[in-house]
Amino acid sequence: MPALTKEQVEVLTGRTSIRNNPTDPAPEPAPSTYQGKPIHKDGCAGWAADQLGNRNLDFSLVSQLDGESVTQSQRTPAVQEAISAWSKCMNTKGYTVATPYDADKVVPHADGAPSQGEINVALADIDCKKSTNLVEIWFNEDSKIQDQQIKDHKSELDALGTRKTDVLAAAKKALNG
């Protein structure tokens, strides 16, 4: 999100600040007007959400299922074997790393352009993923799990899809006047 002035935050959100994490104090309500014009409850963003009907559009189920499928697929024997092969491949290239999630920790990152060390690790990572077929194997295992999740949660996902379609239609209508 771009840096916003205090006034932009107030008009956009209807609050005096943006809460960046749960430990931040709750922002205070913004003044009721800006340059003589009323600020909507919850700012322009809240007003737009009300106009489009997406204020309570909740995709947490989709996020939950996505996280679960990745976690479950990572535990499958096929993915475990592919990760092990990838790790061994990385070791032959001089990098001791157990999982692809840890590859970016092999060489410390400094601000700015990547170092030659970071580039070398990234190239080794790509080579090892190709040679072990890790990406395809993991994709296939994750897809099987997601297919089952879609079947198990069909009615909820269909309802979310319908709501999303309705919101997109409302947005298109609003944009076209």
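Normalising the average separation of contacting C-alpha pairs (under 8 angstrom, six or more residues apart) by the number of residues puts the relative contact order of segment 60-154 at 38 percent.
Approximating the spin labels as points 7 Å out from Cα along Cα→Cβ, the Leu160-to-Lys93 distance works out to 3.4 nm. In terms of overall dimensions, segment 64-141 has a Cα radius of gyration and Dmax of 13.4, 39 angstrom.
Summary of packing: across the peptides 160-169, 40-49, the per-residue average of other C-beta atoms within 10 Å ranks them, highest first, as 40-49, 160-169. Placing unit charges on the Cβ atoms of the charged side chains and taking the dipole of the chain about its Cα centre, the candidate lying farthest along the positive direction among Ile119, Thr33, Val167 is Thr33. Under Stokes-Einstein, with the Kirkwood radius over Cα pairs standing in for Rh, what whole-number D in µm²/s applies to segment 90-177 at 25 °C and 0.890 mPa s? The diffusion coefficient I find is 143 µm²/s.
For the Cα atoms of the chain, what angle does the longest principal axis make with the long axis of helix 154-176, in degrees from 0 to 90, nearest 10? The two axes meet at around 50 degrees.
Computed over segment 1-52, the alpha-carbon pair-distance distribution with 10 angstrom bins reads 28, 51, 20, 1, each value a whole percent. The trypsin sites (Lys or Arg not before Pro) of segment 66-131 meeting both criteria, a DSSP state outside H, G, I, E and B (loop) and at most 11 other C-beta atoms within 10 angstrom of the site's C-beta, are Arg75.
Cross-link partners for Lys151 among the lysines, with Cα-Cα distance under 17 Å and sequence neighbours closer than 8 places in the same chain left out, do not exist in this structure.
Estimated purely from DSSP H runs of n ≥ 4, each contributing -39500 (n - 2.57), the mean residue ellipticity at 222 nm for the chain is -20000 deg cm²/dmol once divided by its residues. Calculate the FRET efficiency for Ala3 and Thr23 from the Cβ-Cβ distance with a Förster distance of 30 Å, rounded to the nearest 0.05. It comes out at approximately 0.90.
Restricting the chymotrypsin sites (Phe, Trp or Tyr not before Pro) of segment 58-114 to loop positions (DSSP other than H, G, I, E, B) with no more than 13 neighbouring Cβ atoms within 10 Å leaves Phe59. The charge dipole of the chain, taken about its Cα centre with unit charges on the Cβ atoms of Lys, Arg (+1), Asp and Glu (-1) only, comes to about 400 debye. Placing +1 on the Cβ of every Lys and Arg and -1 on the Cβ of every Asp and Glu, with nothing else charged, gives segment 1-52 a dipole about its Cα centre of roughly 60 debye.
Positive end of the dipole of the chain, charges at C-beta (+1 Lys, Arg; -1 Asp, Glu), about the Cα centre: which of Ser84, Ser155, Gly53 has its Cα farthest in that direction? Going by the charge dipole, the pick is Gly53. As a length-normalised measure over Cα pairs under 8 Å and 6 or more apart, the relative contact order of the chain settles at 19 percent. Taking R0 as 30 Å, what FRET efficiency do you get between Ala113 and His153 from their Cβ-Cβ distance, rounded to the nearest 0.05? Step by step, r from the Cβ atoms, then E = 0.10. By the rule of a second cysteine Cβ within less than 4.7 angstrom, the chain holds isolated cysteines at Cys44. The convex hull drawn around the Cα atoms of the chain, when projected onto a plane and averaged over every direction, covers 15.3 nm².
Throughout, read-outs are computed from the coordinates displayed, never taken from laboratory work. Keep in mind it's a predicted model, so treat the numbers as computed, not measured. When we count neighbours, we look across all protein chains shown, and the Cβ atoms used for this are built from the backbone with ideal geometry, even at glycine.
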